[in-house]
1. Considering only region B:294-343, state which residues are among the hydroxyl-bearing types (Ser, Thr, Tyr) and within 11 Å of chain C (Cβ to nearest Cβ).
2. Mind counting the residues in region C:379-393 that are touching a Phe, Trp or Tyr at 6+ places or on another chain (Cβ under 6 Å) and assigned to a loop (DSSP other than H, G, I, E, B)?
3. Take the residues in region C:265-276 that are surrounded by fewer than 24 Cβ atoms within 10 Å (Cβ to Cβ) and touching a helix residue (DSSP H, G or I) at 6+ places or on another chain (Cβ under 8 Å), then tell me which one is farthest from the other protein chains (Cβ to nearest Cβ).
4. Tell me, please, whether a residue that is over 24 Å from A:Ala345 (Cα atoms), modelled with pLDDT of 95 or more and of a type in the set (D, E, K, R) can be found in region A:28-37.
5. What number goes with the only condition from (1) among the small types (Gly, Ala, Ser); (2) at pLDDT below 95; (3) in contact with a helix residue (DSSP H, G or I) (Cβ under 7 Å, 6 or more places away or on another chain) that A:Ser266 does not pass?
6. Consider region C:315-340. How many of its residues are facing chain B (nearest Cβ under 7 Å), in contact with a strand residue (DSSP E or B) (Cβ under 8 Å, 6 or more places away or on another chain) and over 16 Å from B:Arg85 (Cα atoms)?
7. Quick test of your reading of the structure: C:Gly323 fulfils all but one of (1) in a loop (DSSP other than H, G, I, E, B); (2) buried (at least 22 other Cβ atoms within 10 Å of the Cβ); (3) on the phi < 0 side of the Ramachandran plot. Name the failing condition by number.
8. Quick check: anything in region A:209-227 part of a helix (DSSP H, G or I), under 26 Å from A:Ile296 (Cβ atoms) and within 14 Å of another protein chain (Cβ to nearest Cβ)?
Amino acid sequence: MSQSYWLTNVRLENGFTYNENETITGTETGNYHIKIESGKISSILSVKESITDPDPQHDVHGLLMVPSFKEMHIHIDKTYYGGPWKACMPAINGVKTRIEEEQVLLPELLPTAKVRAEKMLDLLLDFGSTHIRTHCNIDPVIGLKNLEATIQALEGYKDKLTYEIVAFPQHGLLRSDSVRLIREAMKNGANLVGGVDPATIDENIERSLETIMDIAVEHNSDIDVHLHDPDHLGLFTMQRLASLTEDAGWQGRVTVSHASGLADLSVPEATGIAERFSETGISITSTVPIFRTIPIPLLHEKGVKVELGNDSITDHWTPFGIGDNLEKAGRLAERFRMIEERSLAQSLQFITGGVTPLNQDGVKAWPNVGDEANIVLLEASCSAEAVARRAKRAAVIFRGNVVSGSISSFETTGV
Amino acid sequence: MNRIYWLKNVRLECGYRKENERVTGTITGLFHLLMEDGRITKIVKDGDAIRDDLPVEDAKGLLALPSFIEKHVHLDKTLMGDVWRACTPSSSVIERFENEKRVLPSIATSTCKRAESLLEILLASGSAHIRTHVDIYPEAGLQNLEQVQQALAGYSNRLSSEIVAFAQHGLLRSGSVKLVREALRNGAGIVGAVDPATVDNNIEASLVQLMDLAVEANADVDLHLHDPGHLGTFTMKRLAALTKQAGWEGRVALSHAFGIGDVSREEAYELADILREAGISIVTSVPINRQMPPVDLLHERGVEVSVGNDNIFDVWSPLGNGDILERAGRLAERFKWIDEVSLSRTLGYITGGKTPLDDKGNQVWPKVGDAGSLVLIDASCSAEAVARRSERKAVIYKGNLVSGSLYKQKQSIER
Amino acid sequence: MNEAYWLTNVTLESGFVFENERIDRTKTATYNMYIKNGIIKDLQLASTMPLKTDGPVHDAGKLLALPPFKEMHNHLDKTYLGLPWKSCTPVPNLIERLKLEAKELAELAETGQLRAERMLQLLLSGGATHVRTHVNIDPYIGTKNLEEIQRALYRFKGKMTYEIVAFPQHGLLRTNSKGLMRQAMKEGASLVGGLDPGGVDNNIEASLYEMVDLAVEFDADIDIHIHDPGHLGLYTIKKLASLIDEAGWKNRAAISHAFALGDVSIGESNELASELSNLGIAIMSTVPINRVMPPIDSLHEKGVHVALGCDGFYDSWSPFGTGDMLEKAGRLAERYNWKDEYALSQSLQFITGGVKTLDHEGNRLWPKVGNDASMVFVDASCAAEAIARRSTRAAVMVDGNLVYGGLDRESALKSN
């Protein structure tokens, strides 16, 4: 693809429309010409204006442009995706069963790990995610091998997405004696320090959290801990984490994945920890599970950054993943009854790292000249429709490069 | 006792003591009450001289509270006065019905004598008004009613009473409509029934029949409603509608009403408003073996709530001692009403709303002209009386000493 | 009372009457008891042998004798009993309650002995002859409360046996009280106490470790308050169990409250119950009615020792409570719908330290020749009635001496 080109007749959102009672009735959009140059948006013209330079033009016939998505929690290193169908085994002993299973399974999957990871990346790209945060197993059985496979796969996608790798001690940082391995992983390409259930897996909340913090500070890296532990146990662990974050000065550098315990708490209890997380800049990543959904609107209201992820596509833990973060946003909107125009449009922020074409007040916020050209082109009249109707992705662009779909001579469905 | 006499040295509550806007105690003072023809006709402060030759009784500083109301007992069911026996386990409520029908007629001590034993205890606890349910069903005819009326007749100058003609075995199910009608003509002033859904199997027909009987006899209603969750709340809503239709606001009570405690708080609020608008009151026995109605919420929304003992040593329960003040203490414990004001306000649930002080701390009882019915308690204030289940030294009904004694008083050992 | 005497006409439970293979009611019989030096030396059915003796004879007037009760969770140092009435200040959580208490402690310490004696008398009149009391050990009053309580307990020598738990009410780690705890253990506290390693000390592992460490150092039993709810409490209890196992402290630890066991699923609490039973970890409960409580019925079924207590009452925490252990057992029976004769009779063991009068076939387990002559005399026809009807306690006997009430039935019953 050439370094500079125009996308013409792109639909952008301009604002909300209102009725006489000041209720929002719809989204006003307009058509624009967007110039992409050296991976950035270098010019935005209304269709009334003419293009004067000779660079190639691609007419997208009114496709809606939204920021590209972020897949903030996936495990591309261990999957059945890309291979033959295989259901799960029953987990008689809960998580312990899965851990034992992995000790045998992961070495078996290793030969196919890189190829399958690449297939997952293709899937995620097709759905519009151009940033991936993947957790990678670091454990005594597989050592750093999954990490190697992950890095190899991701290196090959350098031009298509950005990524972060979390060194993830799935079998328990302390429980499986993986501290040294995690340190090694950090020196060998992992970007974040991970962890899992300091209480029920490591059986030592304090020491587990302190160790994670130590390794992170040592390597000047961020943290992303898997926390499933329920009700007050989860709450207590989160509070300890917040305190250690403050002590270390690691504000804004910590994420809790799942934070399932929040689903069990009363509103005052959840509000308390939400405010604490907001103060310490601790973010939460959720898969919006059907049966134990955490109070995302409450967290958001209190200023906690919430992002979404698929966790898995199809593997030994669950066969139900889809990989489509727009679908995930739609599920969030459905779960929390975000049924009207504004809340639907705003729900996009949970999969774009906070960016939406219009802000909360309906003022244009994106795109701006100078922004990186990370774009999804959708068949929808506005982002509210895109979320609600899980709009078809026509093309995905990363730093100006089309990484999925196409922008040249195709049939539109006449939006 | 004399027709007219001074009751001297009575402790009365005068107000709340405050420190920095917080209530820290109750202010009381010693007063002399002139009892005349069953009413309080003069109230003078201790220190003011009394210049007459009227007889004097000395209350020796005992605290006076309005006499209590026992809002829910079954004088005909109690085994009090007969020998000890535990309950027989039964697998269903119907089984217990059949058991009761068999056992009661076979007890050596007559219904009248057993009712008298219980009345003695209720009176000694401070209850000078009794609402008793009396079982009406074909096998027993009006016998229970007659026996209970006989017992009450012997106590007519010691307490007041009302009788609920209670179709224990189902108004429709046991074919008791005619008998209940007769009972209403023979001295029962209230119509009672039980669980239109699970006992009568026809909510609408049962409730309509209940209301018809009430309107026909110009009688109040007191329905036993145990039915749980939304089954219970649905029944309550139907009853509210029928109550308004009949214009019977202020004349209907729901005993137990467990369903209100089973549903969500939002639904409970909604139901409370409906109950208040229909003038329906709730009677509770403060059970500890299942969820009970949220008395705090009901009170907040202006629904009248009162407390009764319900089963006292009978076929249904081997427990119970008839002490209504103890039950008020249990209510306070259940809802954590531990401060001075909350504890003293709890008294209202066993006195039909009468408390010495109103919620702002103004003295509202006793007033000249009030009935001379009071309980003399060994306590420093009503908060203490409720929390510590203080000893009832004497009960005065319409000017007459009907229980306990003003003589031979030992200084109490702190209980 | 005399060193040696016959106690005649004592009603004792002697068996069950079965009907259709179900226990229908309790059989009792009248006995004569020979008591010497505080021990029951002989036990005879009153009807079989006419009593021939020159020694002193006391007539129990057919009162029912039951094993004496044990108050297994009290705070003798906190109560206002003996002082004028005072209600409580509501607070939103435990930490706020601790702050309020801290303000009062020094002032209350002055009247410690008086208030504790009042409480002891109240417990005695209900039939309790043993008390396990927790005593605050914290920087606000040091070991002063311990001194006052010990003085009060000394005055009840011969009437009430006791165990004192050194209780770091304001948090072992939170108030850095290990040193003070050591002092308390040296000064006569016999158990090491503790409190909410998670919710108060904010470090579950370290807090539990320090507590068990102290217990091992002083070769003392443990009784820890755990209010922490849900899976937080569950995790704490599991951690404690593993430390107890490691330290070899079987049958030497108790958990007071353990609310978490009622918060989690019955499957989870049953699983933990087996572990508690194996390690002989007991649960002390106050049978609260304003929050979820541990599933005592299933804990008991799994072999966990459960005992009841009144907790602190008439104090800054709660204005309710009566100190009546029989009432507490009745409340337990009410909570679990134990209404029939057998179920009611079985509730007694939770207030007698496990002592039952009859086994499940009706064979007498208590009293036996050789037992201490310590018992409660109740105006009831059987234990089931005593529990259901909260029968009057006419008298309490400890080691052959009457320490409360009297055996003269008329006057004894009137005194209540």
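1. Filtering region B:294-343 down to residues among the hydroxyl-bearing types (Ser, Thr, Tyr) leaves B:306, B:317, B:342.
B:Ser317, B:Ser342 - these are the residues of region B:294-343 that are among the hydroxyl-bearing types (Ser, Thr, Tyr) and within 11 Å of chain C (Cβ to nearest Cβ).
2. Start the filter on region C:379-393 by keeping residues that are touching a Phe, Trp or Tyr at 6+ places or on another chain (Cβ under 6 Å), which leaves C:381, C:385.
Retained after the next criterion (residues that are assigned to a loop (DSSP other than H, G, I, E, B)): C:381.
Residues flagged as touching a Phe, Trp or Tyr at 6+ places or on another chain (Cβ under 6 Å) and assigned to a loop (DSSP other than H, G, I, E, B) within region C:379-393 amount to 1.
3. In the first step, residues of region C:265-276 are kept if they are surrounded by fewer than 24 Cβ atoms within 10 Å (Cβ to Cβ); the result is C:265-275.
Going one step further and asking which of them are touching a helix residue (DSSP H, G or I) at 6+ places or on another chain (Cβ under 8 Å), we end up with C:266, C:268-270, C:272-273, C:275.
On the way: C:Ile266: 15, C:Glu268: 10, C:Ser269: 14, C:Asn270: 16, C:Leu272: 13, C:Ala273: 19, C:Glu275: 14 Å.
The qualifying residue farthest from the other protein chains (Cβ to nearest Cβ) is C:Ala273.
4. First, the residues of region A:28-37 that are over 24 Å from A:Ala345 (Cα atoms): A:35-37.
When the remaining residues are screened for being modelled with pLDDT of 95 or more, the result is A:35-37.
Filter once more, so that each one left must be of a type in the set (D, E, K, R): A:35, A:37.
Yes, region A:28-37 has at least one match.
5. Answer for A:Ser266: the failing condition is (3).
6. The total comes to 0.
7. Result: C:Gly323 passes all but (3).
8. Yes, because at least one residue in region A:209-227 is part of a helix (DSSP H, G or I), under 26 Å from A:Ile296 (Cβ atoms) and within 14 Å of another protein chain (Cβ to nearest Cβ).
The values are calculated or read from the model by the stated rules, or taken from the named source; none is laboratory data. Everything numeric in this text was worked out from a predicted model, so none of it was measured. Neighbour counts run over all protein chains shown; Cβ positions are idealised from the backbone, glycine included.
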